[in-house]
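K.L.:
Here it is: the structure, laid out below.
The values are calculated or read from the model by the stated rules, or taken from the named source; none is laboratory data. Source: prediction; values computed, not measured. Cβ placement follows ideal geometry from the backbone for every residue including glycine, while neighbour counts extend to all protein chains displayed. We work out accessible area using only protein heavy atoms, side chains counted, and drop any ligands, DNA or RNA first. Shrake-Rupley method; radii C 1.70, N 1.55, O 1.52, S 1.80 Å.
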Amino acid sequence: MLHLTTVRVGSLMARRATAAFTTSSARMSSHGTEVAESEDMSKPMYWDRRAIPLPDRAYKQDLTAADKSLKQKEKGPWGQLSKEEKIALYRLKFDKTFPEMKQGSAEWKTVVAGFFFFVGLTGLVVLWQAHYVYPPRPRTFDEEWKAKQLKRMLDMKVNQIEGFATHWDYEKGQWK
């Protein structure tokens, strides 16, 4: 009995170890879904950034026969190269020039549009809540009610020493 359990555990561990060392695409294809391969961040990568003017590797990795002959020509004197050949050599090493990297994008328009969309949506939710969710305003917020309340407080002489009643002239019936 113990031998049978050990064999089962050993076989399970062997299957899991085999699955762990296979490629990720082989593992994911067994689950019936397709998953994109992840980048190996330990290898040199190409970045077009103004802060890092020299990327880790060249932009174009797979060179054609014309590119290879141009690279051989590059080893000679640069005075013999034409302007087009120099530009082609630059494009082998870099994707964009500094002015191309500095050129702005229209992404700010999307951000502003998204901001205004969500502000508008929030406004609509607030209006909907004010109309359907919240109860009507109490009558104590009406101007007529406030005027009657103020008159009653003045008649009762509320806080006559330091409050707003000190600014009321009781003899003339008006504010001082």
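K.L.:
Given (1) within 52 Å of the chain's Cα centre (by Cα); (2) among the β-branched types (Val, Ile, Thr); (3) open to solvent by 100 Å² or more (accessible area, probe 1.4 Å), identify the lone condition not met by Val111.
P.N.:
(3)
K.L.:
So Thr122 fits all but one of (1) over 30 Å from Leu63 (Cβ atoms); (2) open to solvent by 100 Å² or more (accessible area, probe 1.4 Å); (3) among the polar types (S, T, N, Q); what number is the exception?
P.N.:
Status for Thr122: all satisfied but (2).
K.L.:
Looking only at the stretch 70-101, which residues are closer than 26 Å to Arg49 by Cβ, hydrophobic (A, V, I, L, M, F, W, C) and at pLDDT 90 or above?
P.N.:
Leu70, Ile87, Ala88, Leu89, Leu92, Phe94
K.L.:
Then there is this: Counting only residues that are over 29 Å from Asp56 (Cβ atoms), modelled with pLDDT of 65 or more and not β-branched (Val, Ile, Thr), how many does the stretch 25-42 have?
P.N.:
Total satisfying the criteria: 1.
K.L.:
Does Trp78 fit the bill of being more than 30 Å from Lys43 (Cβ to Cβ), aromatic (Phe, Trp, Tyr) and in contact with a helix residue (DSSP H, G or I) (Cβ under 8 Å, 6 or more places away or on another chain)?
P.N.:
Criteria met by Trp78.
K.L.:
Mind listing whichever residues of the stretch 127-176 are in a helix (DSSP H, G or I), exposed (fewer than 11 other Cβ atoms within 10 Å of the Cβ) and of a type in the set (A, V, I, L, M)?
P.N.:
Within the stretch 127-176, Leu127, Ala130, Val133, Ala147 meet the criteria.
K.L.:
Please enumerate the residues belonging to the stretch 72-95 that are in a helix (DSSP H, G or I), surrounded by 13 or more Cβ atoms within 10 Å (Cβ to Cβ) and not acidic (Asp, Glu).
P.N.:
Residues satisfying the conditions are Lys73, Lys86, Ala88, Leu89, Arg91, Leu92, Lys93.
K.L.:
Taking the options Ala65, Ala58, Ala51, name whichever one is open to solvent by 90 Å² or more (accessible area, probe 1.4 Å) and aliphatic (A, V, I, L, M).
P.N.:
Every option except Ala51 fails the conditions.
K.L.:
Would you mind finding the one in Lys146, Lys176 that is more than 30 Å from Arg57 (Cβ to Cβ) and touching a strand residue (DSSP E or B) at 6+ places or on another chain (Cβ under 6 Å)?
P.N.:
Being more than 30 Å from Arg57 (Cβ to Cβ) and touching a strand residue (DSSP E or B) at 6+ places or on another chain (Cβ under 6 Å) holds for just one of Lys146, Lys176, which is Lys176.
K.L.:
Could I ask something else about it? Scanning for something in a helix (DSSP H, G or I), over 30 Å from Leu63 (Cβ atoms) and either open to solvent by 100 Å² or more (accessible area, probe 1.4 Å) or out of contact with any strand residue (DSSP E or B) (no Cβ under 6 Å at 6 or more places or on another chain) (or both), does the stretch 96-107 turn up at least one residue?
P.N.:
Within the stretch 96-107, one or more residues are in a helix (DSSP H, G or I), over 30 Å from Leu63 (Cβ atoms) and either open to solvent by 100 Å² or more (accessible area, probe 1.4 Å) or out of contact with any strand residue (DSSP E or B) (no Cβ under 6 Å at 6 or more places or on another chain) (or both).
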